[in-house]
Each structure stands twice: as C-alpha cells, then as structure tokens.
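Undergrad: Take a look at this one; I'll ask things after.
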Amino acid sequence: MNYDQLKKEIIAYSKTIGIDKIGFTTASTFDELKNRLLRQQELGYQSGFEEPDIEKRVNPALLMNQPRSIISIALAYPAKMGERVVSKKGERRGLFCRASWGLDYHVILRERLQKLEDFIKEKMPDANCKAMVDTGELVDRAVAERAGIGWSGKNCSIITPEFGSYVYLGEMITNLPFAPDKPMEDRCGDCNKCIEACPTGALVRGGQINAQRCIAFLTQTKEFIPDEFREKIGNRLYGCDSCQTACPENKGKNYHFHEEMKADPEVVKPLLKPLLYLSNRSFKENFGRLSGSWRGKKPIQRNAIIALAHFKDETAVKDLVSVLKEDARPVMRGTAAWALGKIGGDKAEQELLEAMAKETDSAVLLEIEKGLRIMINNKKTKADP
C-alpha cells in the first residue's frame, strides 16, 4: 500500500467533510509531556477532570494494539456572534465562553472523526482506528502540536496561523504508518499579553497553568467558589476567554465555517434572573446542546448569582431572597447570601438577619455572616470622609 498516496487522499477528503486543518504524527510516547504532567501533579495544578493515569495520557500503545500514527484534526469556531444582545439595567446577562457556542463540540468532532474513520476503512478494511475528543486519554494539544496543527502558546492553547487559538481539536490513533508532519515553530516570542490578561494569575508562566486558579475550571465546579475568585468571575457563566482575546494572533480571527457552531445569543448570553428558576427539564431544553451544560444546571445557577452580585443588580434582590429562603442546595443559599451582601440595601440586610436566625447549615451561616460583614464595611466606607 502506498501510504503517502493514502495520506494525500485523506487530506483531500477531510476538506470535503468540514475539517479545517489536519496533521499527522507518530504514535511514539510523549516523553516531554510526561515530565510536565508529573510536575503539574506535584504542584497540585491539575483540575481533576483529566484522565488520572499519566501513563495513558502519554503512551498511545496503552490505548490501542500496535499503534503507528496519530491523525490530528482542527475545526475553527466563531469568535463573534452574528447577532448581539445587550446587557442593561434590570436585564443583566451572563456569558458562555466562545468554545461553548453552538452545538457541543464533542458531538461535532466525533461526527467528523467517524466519517474520517469510515473513509480510511473503505480504503484499508484492516485498518484499526481509535478516535477521541477532549475526554479521551491523550492530551489533544500535545498531539496537535506534534502533528503541526499549531504551536502551544503561552496561554496553553494551540495557536494556528490560520485561525488563531479558536479551534476545536480531536485525534485518531491508527495502526497505519503515515509519514509525520513537521511541528510548527513557537511564534509567541517575548509576548506575555495572555499571562498579563489572566484575571486570577492562573497562567503561572508561559505554557504552564494552575487549573485550580483558572476561571474556566472554577465555573465548572459545583461547590462554593473561593472568596478570592468571586469578583474575578464577573458575569461568566461557563468558561473564560481572557487569555484568548488578549492574544495578538487572534486579532481579526472570526470564522463561521460550520452552521452547527452558530451562536444563539439568547442562549449563550442569557438573562441572569430567569436562570435561577430553571428546572432540570427546562435547563436541558434550553442549554442541553451546549458543551457548557455537561456539569448540569448547578454551576450555571451559582455563577448567575455571582454575576448578579458583580452587577450589583438591585432588581435581583427579590430573586436572591427567594433562593436564600427556598433553595434546598446549600451552595445556592450561601452564594445568594453573599450576593445580597454585595448588592446591599435595607431589604437585603433584613432578609439576611432573618435567614441567620433560621439557617442550620454551617457553610450557609458563614456566607450570611460574610454578606452582613460586607454591608457593614460598605457603610463604613461611605461614612468616611
């Protein structure tokens, strides 16, 4: 079999099925990556969402029998909405990050990879393929970097010359010996704009991230957000784009190649107050197709409460009081108590005092105390000349 010819045919076919960039690399172990992952683990910088077995993350031979190569694919996603909705007083809105606009990218990339696999097996019936997107064992960025899709930026994203870092990544391990493509040279140079733009200092240095401080990670957790990060989250409901929007390589990059990635502004930039009342069913109906829905409604609702505090939305006091009094989840009640303290006002103070007399959960009581303390401090600040 002429594998060079087959590679050319795969590349040509990939363009017909909506794959924007494709690269090939060997199935050898990712030795340098292993050292970085071990260091991340030692420092406690992991998110906890990763494959726990580092060996599986760096050795394709543990995932498939006799792998010979890996095919990496990239699909460009939009950086701007076609239509805009505006957040305004009394009707404040939250925001999903760009990578969660449109249909869940896992679904999109798996469909493309399946078509690619079918094409390969049509040409080579004995071919063995194993595809994965994000939740697989391999590190998508490491595969894409070695396959020449782009270079690994200081923001820990793959940056392509064509589409910037606004790309979804996926890969396929095969037992076919395709010639590897050449990795791309790092073009970040002395630029540190992404590191400087990170709201929480999660980018420790170029190419290293402390996931425990990353807003994209924090917005996906289900417990209380640590105090030091709450005001940094702003109105983000899921994910964070700060390190991407600051990147000069992303300037002017905005591609709408794929209809299923089109953003519905009312969904990806939704009104905040209605989010507090979503049932499980309505959440799935409205947000279930987004990748940002994977952790369920709880993180989104908690983040909506933090966003209302960020805006100091006085019109939301009634809604937050309802959460404080009626929500069965301590994280919601406690976050609402903190938000009421940030917004302030006599009504909020009265409700917090009443809640303190009735609340039995120690974590929620602590948040009520925080809310009241914030109010006291704000009153002192206003009273000082």
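We did not get these values from a lab; they are worked out from the coordinates using the rules stated. Predicted, not measured: the structure shown is a model, and the values here were computed from it. Using ideal geometry, Cβ is built from the backbone for each residue, glycine included, and neighbour counts are taken over all protein chains shown.
Undergrad: Between helix 317-326 and the chain, what is the angle of the helix's C-alpha long axis to the longest principal axis, kept within 0 to 90° and rounded to the nearest 10?
TA: 80
Undergrad: Compute the Rg to Rh ratio over the chain from the alpha carbon atoms, using the Kirkwood formula for Rh, and round to two decimal places.
TA: On the way: Rg = 23.4 Å, Rh = 22.7 Å.
Value, to two decimals: 1.03.
Undergrad: Can you tell me the relative contact order of the chain? Whole percent, Cα pairs under 8 Å, sequence separation 6 or more.
TA: Values: 685 pairs, mean separation 74.4, N = 385.
After rounding, I find 19 percent.
Undergrad: Could you pull out every residue, at least 5 positions away or on a different chain, whose amide H is within less than 5 Å of the one on THR26? Hs are placed 1.01 Å off N in the peptide plane, and Pro or chain starts have none.
TA: Under 5 Å from the amide H of THR26 lie the amide H atoms of ILE70, each far enough along the sequence or on another chain.
Undergrad: Now for a different question. Please turn the phi angles of region 48-64 into ³J(HN,Hα) values with the Karplus equation 6.51 cos²θ - 1.76 cosθ + 1.60 (θ = phi - 60°), one per residue in order, whole Hz, x for glycine and proline.
TA: 3J(HN,Hα) across region 48-64, in whole Hz: x, 8, 6, 4, x, 8, 4, 4, 5, 6, 10, 10, x, 5, 7, 10, 8.
Undergrad: Dipole magnitude of region 65-110 about its Cα centre, charges +1 at Lys/Arg Cβ and -1 at Asp/Glu Cβ only, in debye to the nearest 20? List each step's numbers first, then the result.
TA: On the way: 9 positive and 3 negative charges, 48 e Å.
Dipole of region 65-110, to the nearest 20 debye: 240 debye.
Undergrad: Hey, another quick one. Return the calculated 222 nm mean residue ellipticity for the chain, to the nearest 500 deg cm²/dmol, obtained by summing -39500 (n - 2.57) across DSSP H runs with n ≥ 4 and dividing by the residue count. Write down the numbers at each step before the final one.
TA: Values: 17 runs with 168 residues, N = 385.
Mean residue ellipticity at 222 nm (helix-derived): -13000 deg cm²/dmol.
Undergrad: How far is helix 3-16 tilted, in degrees, relative to the longest principal axis of the Cα atoms in the chain, given as a value from 0 to 90 rounded to the nearest 10?
TA: With rounding to tens, the tilt is 40 degrees.
Undergrad: Toward the positive end of the charge dipole of the chain, about the Cα centre and with charges on Cβ (Lys, Arg +1; Asp, Glu -1), which of ALA363, ASN286, THR315 goes farthest?
TA: Farthest towards the positive end: THR315.
Undergrad: Next up: Taking Cβ-Cβ under 4.7 Å as the only way to count a partner, pick out the unpartnered cysteines of the chain.
TA: Here CYS97, CYS129, CYS156, CYS188, CYS191, CYS198, CYS214, CYS240, CYS247 come out as lacking a disulfide-compatible partner, given the Cβ-Cβ threshold of under 4.7 Å.
Undergrad: So, one more: Order by neighbour count: CYS214, CYS191, CYS243, CYS129, fewest other Cβ atoms within 10 Å first, most last.
TA: Ranked by crowding around the Cβ, least crowded first: CYS191, CYS129, CYS214, CYS243.
Undergrad: Which one of ARG110, ARG281, ARG302 has the biggest mean-square fluctuation once the chain is modelled by GNM with Cα springs under 10 Å?
TA: In this elastic network of the chain, the residue with the biggest mean-square fluctuation among ARG110, ARG281, ARG302 is ARG281.
Undergrad: Beta carbons within 10 angstrom, averaged per residue: use that to sort the peptides 12-18, 137-143, highest first. Could the numbers behind the result be given before it?
TA: Working: 12-18: 13.9, 137-143: 21.6.
Output ranking for 12-18, 137-143: 137-143, 12-18.
Undergrad: Magnitude of the Cβ-charge dipole of region 47-159, K/R +1 and D/E -1, about the Cα centre, nearest 20 debye? Numbers along the way, then the final one.
TA: Working: 19 positive and 16 negative charges, 149 e Å.
Magnitude of the dipole: close to 720 debye.
Undergrad: Picking from PHE49, MET332, ALA179, whose Cα lies most toward the positive end of the charge dipole for the chain (charges on Cβ: Lys, Arg +1; Asp, Glu -1)?
TA: Checking the options against the dipole of the chain, the answer is MET332.
Undergrad: Here's a follow-up. Could you go through region 103-108 in sequence order and give the Karplus-derived ³J(HN,Hα) for each residue, using 6.51 cos²θ - 1.76 cosθ + 1.60 with θ = phi - 60°, rounded to whole Hz, and x for Gly and Pro?
TA: 5, 2, 5, 4, 5, 4
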